[in-house]
């Protein structure tokens, strides 16, 4: 039941812009999307949300007094790398693009002024990219956990992760370890060694 609830949650999108009017405009445009929308004029508040929630997309202004959008994107990348980062900028120069790419691995840049479909399309693409990154991250974490468990089992019970077969194809089962002896498992272990 929990897994079904988790997959039905709306993706979280955080918008940050120090200009309240621009922020309100972005929020108005994005409200038509099936998302949970959080907005703030404070980059630190956006960073706190990213740290405490599974944020799919960060939409940030580039030019802010507290920290640039590139710096915010870089901090978000450190805290939650699978959060997709989109920057809005009125500055059209290579320094802006280079900072965003090098520091924050920005997914999209949108130049101001932008059309509503442009930002909606960028956020929709960002949500799809977030799903890919989150799935990949989950698979990686499961693989690491599986490898650690296998190593722990092998350290405690050498040979337990290896399956040996006799020439006739039957499984070869080692004698029961001393700490298992007397538990009545001998018959089960003998049965397992006779099956192919």
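None of the figures in this text is laboratory data; all of them are computed from the coordinates on show. Just so we're clear, the structure is a prediction, and the values are computed from it rather than from any experiment. So basically every Cβ, Gly included, is an ideal-geometry build from the backbone, and we count neighbours across all protein chains shown.
Some observations on this one:
- At R0 = 22 Å, FRET efficiency that the Cβ-Cβ distance of residue 162 and residue 138 yields, to 0.05: 0.20
- Length gained when the stretch residue 172-residue 120 is fully extended (0.36 nm per residue, less Cα-Cα span): 12.6 nm
- Of the Cα atoms belonging to the range 2-143, the radius of gyration and Dmax stand at 14.4, 47 Å.
- Residue 51-residue 128 pseudo-label distance in nm [points 7 Å out on the Cα-to-Cβ vector]: 3.3
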